[in-house]
Amino acid sequence: MTTQEITPTDDFGIAEASRTNLWKDAFARLAANKLAVIGIIPIVLLFFIAIFGPYLTPYDFLAQDFTARLAAPSSEHWLGTDELGRDVFSRILYGARTAVAVGLVSTAISLIVGLIMGSLAGYLGGRVDMLVVWLTDMTRSMPALLLAIVINLTLKVPLEAWMEQMYLATKNGFFRQTMWVDLVLVFGALALIQWPGYARLIRGQILSIRSRNYVLAARALGMPTGRILTRYVIPNAMGPLIVAVSAGLGGAMVLESAFSFLGVGVQLPIPSWGKMISDGLRMWQTHPYLLAGPAVMMAIITVSFAWLGDGLNDALNPRQWGG
Amino acid sequence: MSVLLDVQDLQTRFQVRKGYVYAVNGVSFQLDQGDTLAVVGESGCGKSVTMLSLVRLLPPAASIENGQVLLRGEDLLQLNLRQLRDVRGGEIGMIFQDPMTSLNPFINIGTQMAEPLIYHRGMSKSEALARSAELLGMVGIPDGEARLREYPHQFSGGMRQRVMIAMSMSCEPAVLIADEPTTALDVTIQAQIVELVKELRDRSGVAVIWITHDLSVVAGIADRVIVMYAGYIVEEAPVDALFEDPRHPYTVGLMGALPSLAGETGTRLTTIGGSPPDLVDLPDFCPFHPRCPYAIDRCRKENPMLEPVIDASDGGHRAACWVDIREVELEAGAAAGSV
Ligand SMILES: Nc1ncnc2c1ncn2[C@@H]1O[C@H](COP(=O)(O)OP(=O)(O)O)[C@@H](O)[C@H]1O
Ligand code: SF4
Ligand SMILES: [Mg+2]
């Protein structure tokens, strides 16, 4: 079938040495980035603690030991105890759970909303685009903490009342756990604060990617819009998106701490680092370890996510992909 | 030969901040089954926009204001998007200028090649991959099965253009539109790509529209030629008639600018002074007159229509010019092509 006279003579051997997957290349670049690797360790540890923390803690996070209130760090209580005699180390481990749960869930929600809104804006353009851009500008122009406070003040009471009604109607004990209201409000506020960033990122990516030649080529082959989005646009937007998600996860955890600090976060009894920091701050001169534990954890995690984000940014930068 | 594609009075313009850019201004042409039509003209003359209009692949700012695009008698401009997708890739394949960016860098070649086969031909993934490996062989890329697992950055420019050709031909379209497919490639590879398309055309009987700004390629591949300027067809002729007896000053200029056979690039077209006009107004004069050594008063007042030329050696020879350039003796040094 193949004719001899058209056997090509141009370079077959190009990049022969690197017959590997693009993602593998990116991973190799990431692994070569020292700060990123250093950053990954605490993050992996954080997730590990979040999952297995309850099995690792020496004490229950609620267990109060009135004989050992505000105890200094010792072999019994590694990081001391708080005012109620609860083991600070155990509470920090549990706090990892809150941080990870808040980070993951709020990032997932804002990512989904951002993906949908950003895709619609970027792909449909026109009025839809203008509306989405306006919405994101509006949301972003409001101070994040103020937004969280307003949400908390306006929604907390009605939601709790609704939970109580549901309990009376169903007698389901679930509706008595008002911490779910806290969680929903915190997730909601975080998602509201974070979706515009993802939406704008996706929109920008789509606008730039859809004008690229391979999208034109795919359209010229009759590929439908949905397929072009999933096969061409989204994979190509993946690099920046992964970077943004990495930064967003860290950001959500910090924000949650700030919420707790201001009293609109996850309320006790679920330990939250932010809440622990704000409690610890009141007594930091007499009992600095109450503040130090959660504050140091928070700082390590924040810095780690920043380093990982930078590393991902470099590793996934398509300009380095020779494609 | 029956008419496969019949384009009638196509007009496309772009909405820009201060009004419109008139990119395509009443273009009509026919393409017969299995024929090859070359479209030539300098950059910015509306060649690409014309072809993208055929299958409505235009950017959002563009709109087709008038015309018909009859493929076997069916007007593509009236189709809904679903029907149009079946035409794209299925009936009309396209390859573009820049093979380096025409493939998705994140998906391996096999997956990309399989997509249209799965979508248009309803093949299973494994059938589509097997067919893709065959297609790679047909476009001169050996070891297809292994290469399907590779990514675009592992292919050279010429190889990528071969992949693009294989993809655009995979669903056996009736028309292949090649929009300057060799412009971005080395000269030796250009010739290979031209040979490849000729070879595939002769084997499959696909009709080809070959866009180029390089007349030297045209002689070897085309049956007929359209010369475009400022969104108008200014001359149209069978390839021999065009080379032996060009009637439009712009065509003469392009020929005067033919690169030498050694293929020195960079010399082509530089011998016509000036450049194509901005297309911000529809002209009521000949759009070529500022650059035309033959221009007379009338050229500045009326835009000539494309009409059959006098004493044509072939019935299909048309040109849009007020002057019969054979009757004009230009002063030394003023001949088109050396202005
Ligand atoms: N997106 C666009 N917006 C405005 N004008 C455009 C756009 N794309 C092309 N044009 C105009 O359309 C005309 C024809 O362009 P094109 O068909 O690409 O030329 P060619 O393919 O012959 O080089 C040019 O004058 C160009 O300025
Ligand atoms: S109409 Fe006049 S200006 Fe236009 S190409 Fe002919 S001679 Fe030149
Ligand atoms: Mg072009």
(request) Determine whether the stretch B:183-196 contains at least one residue that is under 23 Å from B:R131 (Cβ atoms), within 19 Å of the chain's Cα centre (by Cα) and more than 10 Å from chain A (Cβ to nearest Cβ). (result) no
(request) Quick one: count up the residues across the stretch B:147-188 that are assigned to a helix (DSSP H, G or I), among the β-branched types (V, I, T) and modelled with pLDDT of 90 or more. (result) 2
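Table: residues versus (1) farther than 30 Å from A:F27 by Cα; (2) small (G, A, S).
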residue	(1), (2)
A:V233	no, no
A:A252	no, yes
A:V266	yes, no
A:D279	yes, no
A:Q285	yes, no
(request) Would you check which residues across the stretch B:67-87 are open to solvent by 70 Å² or more (accessible area, probe 1.4 Å) and outside any helix (DSSP H, G or I) and list them? (result) B:Q68, B:R72, B:E74, B:N80
(request) Tell me, yes or no, whether the stretch B:135-146 has at least one residue that is part of a loop (DSSP other than H, G, I, E, B), facing another protein chain (nearest Cβ under 8 Å) and touching a His at 6+ places or on another chain (Cβ under 8 Å). (result) no
(message) All but one of (1) away from ligand 1 (no atom under 16 Å from the Cβ); (2) of a type outside the set (V, I, T); (3) modelled with pLDDT under 90 hold for B:N66; state the number of the condition that does not hold.
(response) (3)
(message) Regarding the stretch B:149-164, can at least one residue be identified that is within 16 Å of ligand 3 (Cβ to nearest atom) and either acidic (D, E) or more than 8 Å from every other protein chain (Cβ to nearest Cβ) (or both)?
(response) yes
(request) May I ask you to say which residue of A:L111, A:L145, A:L153, A:L115 is open to solvent by 70 Å² or more (accessible area, probe 1.4 Å), within 28 Å of the chain's Cα centre (by Cα) and on the phi < 0 side of the Ramachandran plot? (result) A:L153
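Matching residues to (1) modelled with pLDDT of 90 or more; (2) open to solvent by less than 10 Å² (accessible area, probe 1.4 Å):
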{"site": "A:V186", "(1), (2)": "no, yes"}
{"site": "A:L192", "(1), (2)": "yes, no"}
{"site": "A:G197", "(1), (2)": "yes, no"}
{"site": "A:L201", "(1), (2)": "yes, no"}
{"site": "A:Q205", "(1), (2)": "no, no"}
{"site": "A:R219", "(1), (2)": "yes, no"}
{"site": "A:I228", "(1), (2)": "no, yes"}
{"site": "A:V233", "(1), (2)": "no, yes"}
{"site": "A:N236", "(1), (2)": "no, yes"}
(message) Criterion first (in contact (Cβ under 8 Å) with a residue 12 or more places away in the chain, surrounded by fewer than 21 Cβ atoms within 10 Å (Cβ to Cβ), within 12 Å of chain A (Cβ to nearest Cβ) and not in a helix (DSSP H, G or I)) does B:P105 satisfy it?
(response) yes
(request) Look at the stretch B:9-60 and say how many of its residues are within 16 Å of ligand 2 (Cβ to nearest atom), open to solvent by 10 Å² or more (accessible area, probe 1.4 Å) and not in a strand (DSSP E or B). (result) 1
(request) Pull up the stretch B:188-213, narrow it to residues that are over 22 Å from B:K47 (Cα atoms) and not acidic (D, E), then point me to the one that is farthest from ligand 2 (Cβ to nearest atom). (result) B:R203
(request) May I ask you to list the residues in the stretch B:67-102 that are more than 7 Å from every other protein chain (Cβ to nearest Cβ), over 11 Å from B:V55 (Cβ atoms) and charged (D, E, K, R)? (result) B:R72, B:E74, B:D75, B:R82
(request) Kindly check whether there is at least one residue in the stretch A:108-127 that is touching a helix residue (DSSP H, G or I) at 6+ places or on another chain (Cβ under 7 Å) and charged (D, E, K, R). (result) no
(request) Only residues that are open to solvent by 10 Å² or more (accessible area, probe 1.4 Å), part of a strand (DSSP E or B) and among the aromatic types (F, W, Y): list them for the stretch B:222-257, please. (result) B:Y232
(message) So, A:L249, is that one within 23 Å of the chain's Cα centre (by Cα), within 17 Å of B:F106 (Cα to Cα) and modelled with pLDDT of 85 or more or not?
(response) no
(message) Going residue by residue through the stretch B:42-58, is there one that turns out to be over 14 Å from the mean Cα position of the chain (by Cα), of a type in the set (D, E, K, R) and away from ligand 1 (no atom under 11 Å from the Cβ)?
(response) yes
(message) Looking only at the stretch A:160-218, how many residues end up being away from chain B (no Cβ under 14 Å) and assigned to a helix (DSSP H, G or I)?
(response) 41
(request) Just need a number here: residues in the stretch B:66-81 that are among the aliphatic types (A, V, I, L, M), under 19 Å from B:V24 (Cα atoms) and without any contact (Cβ under 8 Å) to a residue 60 or more places away in the chain. (result) 2
(request) Can you tell me which residue among B:L58, B:L10, B:L71, B:L52 is over 20 Å from B:T212 (Cβ atoms), within 16 Å of ligand 3 (Cβ to nearest atom) and out of contact with any His (no Cβ under 8 Å at 6 or more places or on another chain)? (result) B:L58
(message) If the requirement is being in contact with a Gly (Cβ under 6 Å, 6 or more places away or on another chain) and among the polar types (S, T, N, Q), which of these qualifies: A:T225, A:T230, A:T286, A:T302?
(response) A:T302
(request) Report the residue count in the stretch B:108-118 for those that are more than 30 Å from B:T212 (Cβ to Cβ) and either open to solvent by 50 Å² or more (accessible area, probe 1.4 Å) or within 12 Å of another protein chain (Cβ to nearest Cβ) (or both). (result) 4
(message) Step by step: first the residues of the stretch B:155-200, then only those that are among the basic types (K, R) and open to solvent by less than 30 Å² (accessible area, probe 1.4 Å), then the one that is farthest from ligand 1 (Cβ to nearest atom). Which residue is that?
(response) B:R162
(request) Of the conditions (1) under 18 Å from A:L290 (Cβ atoms); (2) exposed (fewer than 15 other Cβ atoms within 10 Å of the Cβ), A:L45 clears all except one; give me its number. (result) (1)
(message) If a residue must be part of a helix (DSSP H, G or I), more than 16 Å from ligand 1 (Cβ to nearest atom) and out of contact with any Lys or Arg (no Cβ under 7 Å at 6 or more places or on another chain), how many such residues does the stretch B:271-321 contain?
(response) 4
(message) Going by what's in this entry, would A:R282 be described as modelled with pLDDT under 80 and among the charged types (D, E, K, R)?
(response) no
(request) Tell me, please, whether a residue that is hydrophobic (A, V, I, L, M, F, W, C), part of a helix (DSSP H, G or I) and in contact with a Phe, Trp or Tyr (Cβ under 7 Å, 6 or more places away or on another chain) can be found in the stretch A:136-147. (result) no
(message) On the basis of being within 16 Å of ligand 3 (Cβ to nearest atom), at pLDDT 95 or above and within 14 Å of another protein chain (Cβ to nearest Cβ), does B:L37 make the cut?
(response) no
(message) Looking at the structure I just gave you, is A:L255 buried (at least 19 other Cβ atoms within 10 Å of the Cβ) and within 20 Å of A:A36 (Cβ to Cβ)?
(response) no
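The values are calculated or read from the model by the stated rules, or taken from the named source; none is laboratory data. Everything quoted here is computed from the prediction, not taken from an experiment. All Cβ positions, even for glycine, are placed from backbone atoms using ideal geometry, and neighbour counts span all protein chains on display. With ligands, DNA and RNA removed, areas are computed over all heavy atoms of the protein, side chains included. Shrake-Rupley method; radii C 1.70, N 1.55, O 1.52, S 1.80 Å.
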